[in-house]
1. Would a scan of the range 321-331 turn up a residue that is within 18 Å of residue 236 (Cα to Cα) and crowded, with 16+ Cβ neighbours inside 10 Å?
2. Can you name the condition, by its number, that residue 242 falls short on among (1) more than 29 Å from residue 270 (Cα to Cα); (2) under 24 Å from the mean Cα position of the chain (by Cα)?
3. In the set 346, 334, which member is over 22 Å from the mean Cα position of the chain (by Cα), assigned by TED's automatic domain parsing to the domain that holds residue 385 and without any contact (Cβ under 8 Å) to a residue 24 or more places away in the chain?
4. Taking only pairs six or more apart or across chains, which ones have beta-carbon atoms under 6 Å, a first residue in the range 522-549 that is assigned by TED's automatic domain parsing to the domain that holds residue 492 and over 18 Å from residue 496 (Cα atoms), and a second residue that is at pLDDT 90 or above and buried (at least 16 other Cβ atoms within 10 Å of the Cβ)?
5. Find the helices (runs of 4 or more DSSP H) located wholly in the range 159-207 whose residues include 1 or more that are farther than 25 Å from residue 426 by Cα, and list them.
6. Please pick out the residue among 405, 437, 411 that is within 28 Å of residue 76 (Cα to Cα), over 21 Å from the mean Cα position of the chain (by Cα) and surrounded by 15 or more Cβ atoms within 10 Å (Cβ to Cβ).
7. Can you confirm whether residue 498 is within 30 Å of residue 430 (Cα to Cα) and either touching a strand residue (DSSP E or B) at 6+ places or on another chain (Cβ under 8 Å) or not in a loop (DSSP other than H, G, I, E, B) (or both)?
8. Going by the structure shown, is residue 413 under 14 Å from residue 349 (Cα atoms) and either outside the structural domain of residue 170 (by TED's automatic domain parsing) or out of contact with any strand residue (DSSP E or B) (no Cβ under 9 Å at 6 or more places or on another chain) (or both)?
């Protein structure tokens, strides 16, 4: 509807004094008509300067009761993750929690910068409930609900309520999130996602100090969440308001810059740890190869969450695979350009996807090329675009039955994703179920063959255990842990000669493996060679001086 001459004069007189919503109410005209008039009269750039375009000209959306949305999301999260509550401590949970005496000390609550919220939760959980894995996992699940609801709030605010609802539902039930949610050690990714969304929420509400505090708390939990401080910058860029509001983004950039030295130090420590403890060579990987491959794989897992595994070792770098990954990556780049030109506010979401992954896409070999937990928050950016496309498509195809078509579409999405999530939770039930499930999709992982060897050894299937440990060594020559475990199995079966040989190989490749020295000492002691026994046991004690049992044995020799 065209504005009258009188209405146009009123707009011109009050445009700097009142909000666009107030003007539309004063004139009793639709907000969309007012927005069209301003764009036609003063141009798009001027229009963007006056008020964020998220409030103008966006498609009308169904209004949802926020309390009911929260209850529905809580129901979905509860249904999807109920069967994970009884899962054991697995993999990194052992050294981080169940075998970590430090969680009893108050000093544990401090992170690389200062107070660490997640460590505080672990400390308090241990004090209140002891080492029961259910209570350590519960915060992950509750915060996953919080992340899902905050996504609804933010996407509803920035795009539409329907887009917010679809995004939150898909995020809540998607099986790609299981590694971060059901695995206790994946918790930092859930905690940081929650804090970063609070950072954005407070940023939109112009609560600067609270927003910065959320960002700082996030970085102190997971230091490679630092690039997410660029999200306010990305937001202002997407709204065309960066020129006006750039000063608001500066504090986040300052925080990022201030922790760069700490990040470099931690990255060096991580690289050294991977080399010494996990026998990983110090190599550089070409970003031109790594980034398109990782982005392509993450998108595949988001749209086809079938091959879910702890170790993504089956990524192919063949010319055909790389060409496909590169094509997908270029589609993402072209999407950014298209959205910038045609629908700039939406560009924020693919930028969120890329920024959230950026710290894990470094060429220094300190992170996996692909790990499902890395994509926990990043996936939200893609899900918003999917939700926006769904809303547009359903409205276009089902104008008269839009609500029914929308709810039917959601049901079609929710059911298979929820089932896959519930099934994936079962993979994380125990060490045994995890390693067997991982073997299906990671047959070339030396770590998993080593883990399978441990599984078969504990179940007295020694021939299979030996086979798995040998396979691990074949895939990773110099794998000291696998040599040590192979020696253990030979010792169990009475093959002392092979046990000694493999313990010797273990300490050849890892001179800090005190357990191998200890076991060699035990073998020589049992064979009557006390001199050799004392030599190896003293070396074991030298490497592990806090071991009281070992000290007692050495003192008696």
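1. Restricting attention to the range 321-331, the residues satisfying the condition of being within 18 Å of residue 236 (Cα to Cα) are none.
The answer is no, given that none of the residues of the range 321-331 is within 18 Å of residue 236 (Cα to Cα) and crowded, with 16+ Cβ neighbours inside 10 Å.
2. Against the list (1) more than 29 Å from residue 270 (Cα to Cα); (2) under 24 Å from the mean Cα position of the chain (by Cα), residue 242 comes up short only on (2).
3. Just one listed residue meets the conditions, 334.
4. 539/517; 540/514; 540/517; 540/518; 543/514; 544/514
5. Working: elements: 161-173, 178-181, 187-204.
Fully inside the range 159-207 and qualifying: 161-173, 187-204.
6. Exactly one residue qualifies, and that residue is 405.
7. no
8. Numbers: under 14 Å from residue 349 (Cα atoms): no; either outside the structural domain of residue 170 (by TED's automatic domain parsing) or out of contact with any strand residue (DSSP E or B) (no Cβ under 9 Å at 6 or more places or on another chain) (or both): yes.
No; evaluated as a whole, the condition is false for this residue.
The values are calculated or read from the model by the stated rules, or taken from the named source; none is laboratory data. Just so you know, these numbers come straight off a predicted model, no measurement behind them. Cβ coordinates were reconstructed from backbone atoms using ideal geometry, including for glycine residues, and neighbour counts include every protein chain displayed.
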